[in-house]
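Take a look at the structure below.
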C-alpha cells in the first residue's frame, strides 16, 4: 500500500512538473522574453532538483523535427545503462521508441530514419483503407439502413456453415480493398436499433447484446477468411533466400514448391573460406565475407535481395520460462514495461542492449500458468551479422538462431530410414558449435556440450577409426555429456531417444561416428540428410557432396523461412517465425503494405495517388499543429523515466526484503530436514572431491559447487548422491577446468556444479 501511495505521488509530481517545464521550453523555442520569466524561473528552480543537472541530454531532430534521436540518460552506478542511440516519435498521441543498437551516430541515423519512414507509411495506408470503408458504406447504404444492412449480412454469413463456393466468391469481392484495419472499424460501429416506446429497458439491453454478438461473429468470419486465404497467399508469394555464414564456408540457397507441395532446391551455391584470411571471429573480416557472399549469390543466380540469416547458438539466449496465466492485453503490458523479463529472465546487461523475441507456446488453465519461449541476442551481434549482408548488397529480413534453422530443416524432412521421427535428436558436432537438441512437443530442448580448445583439436586430428589415446578420451567425455543429456530428458519426460541425427562439417566425421556408437551402443547415430524430401535439379547435383549432406541443413532451414507478414504460420506450425532483427515489425509492416497494394488497389492507381497526396498534406499540417504537444510529451517522458527509475529501485528493495523473509520462514520450518540433507551430502563426498559452495533454497533445490581430480570422481559423487534417501535426483550442471592462475596449487582440478532435487517431505 505504501508503494502504491508513493507511486501515485511520483505520477502527480510528474504531471505538475511537465506542465511547468513545457511553458519554459515553449519560450525558449520561440526566443521570446515572457513577462512571467521570473515566475517561470522560480518554477524551474522548484523542478530542477528532481533533474540531474550534470546530464547533457543532446537531442538530434530529423524529419522536420518529428524524429528525435538521443541517448537515454538513465544511469547505473554512475555509468549510462546504454550508450546506443535511440529514436522517438509520436503517432496519434502515442509515443514510439526504438533502439538503433549502435553507439555510432552515423550508423544510427539511417537505421532510425528507416524505422520512422516505415511507421509513417503504415499510418498512411491504414488511414487510406479506413477512408475507403467509410465511402463505401456511405454510397451503398443510407444512413437509416446501416444497421439493417449489416445485421442482414451478418445473419447470412453466420448461417453459412460451411461457407459455400458462391458465398465465398461474394465475400472475396466485398473484401477487396479492405485491410485488417477494417475489423477495427467494425468494432467501433454503433449497432443500435430504432427506439420504440413499447420496449422496456431490459428488452432494449437484450437487443443490444444480440447485435453485439452478431457483430463479433461477423468479425470472426472476416478474420478466419483473411487468415486462411490472404495470409496463405502472401506466404506463397514471398521470395526469400537463405544465407549461412560459418568459419568454414558461405552457403546460399533458394527453394520453391511444385504443384504437389514438394520442395525443390532451385538455387544453391557455397564458397569455402580461405582459413588464412579468417580468424575465430569471422565478423572481424566483413569485407572478405561480403565479397564471398556476392560470388556465391552470383554463382547460384539468386536475384532476390531479401535474405534470411542466422546467428550461432553461442550468441543467443534461449529459454522456456513459466509465468502466471495472463490475457493478451496483460501480457503485452508486462512486455512493454519490461517487468516480465526482469522477473523471469535475469540478464547480465540492460534489456535495451538485447534484441528479444518471445512467443507463447502453451497456456494451462488448470495450473493458471503459461510457457513462453524467450530468445535474445546482443544487439551488437545482430547488427554485426546484418551489416555483413548489407555490405554484400542484400536486405536482411529475418535473423534466426542456428539451432532453430536445423529444426526447420528437420521438420521439412520425411525420413526414409527412421520410423519414429519423434524419438530422434539432433547433435551438432564441430569446432565452433557443439550441442544436442531434442525436440519435445515441437519445442527444442538444448544442452550445450563443453569442449576445451585442445579437445577440439584432438577431434579435428582424427584420421582413422583407430583413435589415439587422447582422441579416445575426448570422444568418451563427449559421449558422456550426450548420455547425461539424454538421461535427464528421458527421466523428466518419460520418452526414449532412439536415434541421434548428426550435423557436422568435419571432413573426418565418418571416422568419428563409430567411436560414438561404441560409447553409446543403444543409441543410433547417423548423418542428417536434409535433402531426403527435396528434389535437386541436375544443374545443382554437382554442388552437393555425396557422403555428408548435413552441412546444408542450416541454409535449407533458412531458405524454408518466410517473412509471414499476416501471421499465417503461428496457426499451423510452431517456432517457425523467430526473428531477432530489431526492426522486424517495421519490415513486416512494409511488406504487408506492399502485398495489400498489389492485392487491393489494382486498377485504381491514379485515385490512390491522389488520396495519398491529400493524406500526406493533411498529416503534415496535423503534425505541425501539434509541435507543442510533442515538446510536452518529450519533457513528460524524461521526467517519467527518472521517477520510474526511483520507483523500480524501491520495488526491487521491497522484493529482496520479502524474499529474505520468506527464505527465513522456510529455513525455520524445515530445520530438521535441512540438517539431515546436508548430513547425507557430506557422507556422499569421495576422498578426491572438495566443496567450494553449497546453495540451498530451503525447499527442494540444492546446488553444489566444488573441485575434483577427475571425471570419475565427479560421477562417483553423483552416484552417491542419487543413492541417498532424501535426494530424488542429482545431475551434472556444468564442468570446467579453471585457468592456470586459479589452479596453481590445485594440480589442475576440474570444477563442477551439481544440481540436486530433494524429495518432498
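The table that follows gives values for the structure above.
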{"item": "Sole residue being over 35 Å from the mean Cα position of the chain (by Cα), modelled with pLDDT under 85 and assigned to a helix (DSSP H, G or I), chosen from 33, 27, 126", "result": "27"}
{"item": "Given (1) at pLDDT 85 or above; (2) part of a loop (DSSP other than H, G, I, E, B), index of the condition residue 73 fails", "result": "(1)"}
{"item": "Whichever residue in segment 478-506 is in a loop (DSSP other than H, G, I, E, B) and at pLDDT below 90 and, among such residues, is surrounded by the most Cβ atoms within 10 Å (Cβ to Cβ)", "result": "497"}
{"item": "Check on residue 637, at pLDDT 70 or above, within 16 Å of residue 66 (Cα to Cα), assigned to a helix (DSSP H, G or I) and over 33 Å from the mean Cα position of the chain (by Cα)", "result": "no"}
{"item": "Residue within segment 740-749 that is in contact with a strand residue (DSSP E or B) (Cβ under 8 Å, 6 or more places away or on another chain), on the phi > 0 side of the Ramachandran plot and at pLDDT below 90 present", "result": "yes"}
{"item": "Segment 49-70 - residue that is outside any loop (DSSP other than H, G, I, E, B) and loosely packed, with under 13 Cβ neighbours inside 10 Å and, of those, modelled with the lowest pLDDT", "result": "49"}
{"item": "Residue that is outside any loop (DSSP other than H, G, I, E, B), modelled with pLDDT under 95, in contact with a helix residue (DSSP H, G or I) (Cβ under 6 Å, 6 or more places away or on another chain) and surrounded by fewer than 16 Cβ atoms within 10 Å (Cβ to Cβ), where the choices are 255, 321", "result": "321"}
{"item": "Residue list for segment 336-347, filter: out of contact with any helix residue (DSSP H, G or I) (no Cβ under 7 Å at 6 or more places or on another chain), surrounded by 14 or more Cβ atoms within 10 Å (Cβ to Cβ) and assigned to a helix (DSSP H, G or I)", "result": "342, 344"}
{"item": "Residue match in segment 529-551 (condition: touching a strand residue (DSSP E or B) at 6+ places or on another chain (Cβ under 7 Å), at pLDDT 90 or above, more than 27 Å from residue 269 (Cα to Cα) and crowded, with 19+ Cβ neighbours inside 10 Å)", "result": "no"}
{"item": "Test: residue 22 is modelled with pLDDT of 80 or more and either surrounded by 15 or more Cβ atoms within 10 Å (Cβ to Cβ) or within 28 Å of residue 349 (Cα to Cα) (or both)", "result": "no"}
{"item": "Cβ-Cβ under 6 Å pairs, at least 6 apart or on other chains, segment 426-443 side at positive phi and without any contact (Cβ under 8 Å) to a residue 40 or more places away in the chain, far side crowded, with 21+ Cβ neighbours inside 10 Å and in a strand (DSSP E or B)", "result": "none"}
{"item": "Residue within segment 667-675 that is touching a strand residue (DSSP E or B) at 6+ places or on another chain (Cβ under 9 Å), at pLDDT below 85 and not in a helix (DSSP H, G or I) present", "result": "no"}
{"item": "Residues that are over 23 Å from residue 539 (Cα atoms) and part of a loop (DSSP other than H, G, I, E, B), drawn from segment 292-318", "result": "312"}
{"item": "Only one of 685, 681 that is in a helix (DSSP H, G or I), surrounded by 15 or more Cβ atoms within 10 Å (Cβ to Cβ) and either modelled with pLDDT of 85 or more or touching a helix residue (DSSP H, G or I) at 6+ places or on another chain (Cβ under 8 Å) (or both)", "result": "681"}
{"item": "Segment 383-403, subset under 12 Å from the mean Cα position of the chain (by Cα) and under 28 Å from residue 343 (Cβ atoms), residue surrounded by the most Cβ atoms within 10 Å (Cβ to Cβ)", "result": "400"}
{"item": "Members of segment 342-366 that are in contact (Cβ under 8 Å) with a residue 24 or more places away in the chain and out of contact with any strand residue (DSSP E or B) (no Cβ under 7 Å at 6 or more places or on another chain)", "result": "349, 350, 365"}
{"item": "Residue among 239, 261 that is in contact with a strand residue (DSSP E or B) (Cβ under 8 Å, 6 or more places away or on another chain) and modelled with pLDDT under 85", "result": "239"}
{"item": "Segment 710-740, residues that are part of a loop (DSSP other than H, G, I, E, B) and under 37 Å from the mean Cα position of the chain (by Cα)", "result": "738, 739"}
{"item": "Qualifying positions in segment 87-106 - in contact (Cβ under 8 Å) with a residue 60 or more places away in the chain and either in a helix (DSSP H, G or I) or within 22 Å of residue 632 (Cα to Cα) (or both)", "result": "88, 90, 93, 95, 98, 99"}
{"item": "Members of segment 92-107 found to be closer than 22 Å to residue 337 by Cα and more than 25 Å from the chain's Cα centre (by Cα), listed by number", "result": "92, 93"}
{"item": "The one condition in (1) assigned to a loop (DSSP other than H, G, I, E, B); (2) surrounded by fewer than 17 Cβ atoms within 10 Å (Cβ to Cβ); (3) touching a residue at least 12 places away in the same chain (Cβ under 8 Å) that residue 278 fails to fulfil", "result": "(2)"}
{"item": "Segment 435-473 - residue that is in contact with a strand residue (DSSP E or B) (Cβ under 9 Å, 6 or more places away or on another chain) and not in a strand (DSSP E or B) and, of those, nearest to residue 411 (Cα to Cα)", "result": "442"}
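The values are calculated or read from the model by the stated rules, or taken from the named source; none is laboratory data. Bear in mind the structure is a predicted one, so any value in this text is a computation, not a measurement. We place every Cβ from the backbone using ideal geometry, glycine too, and count neighbours over all the protein chains shown.
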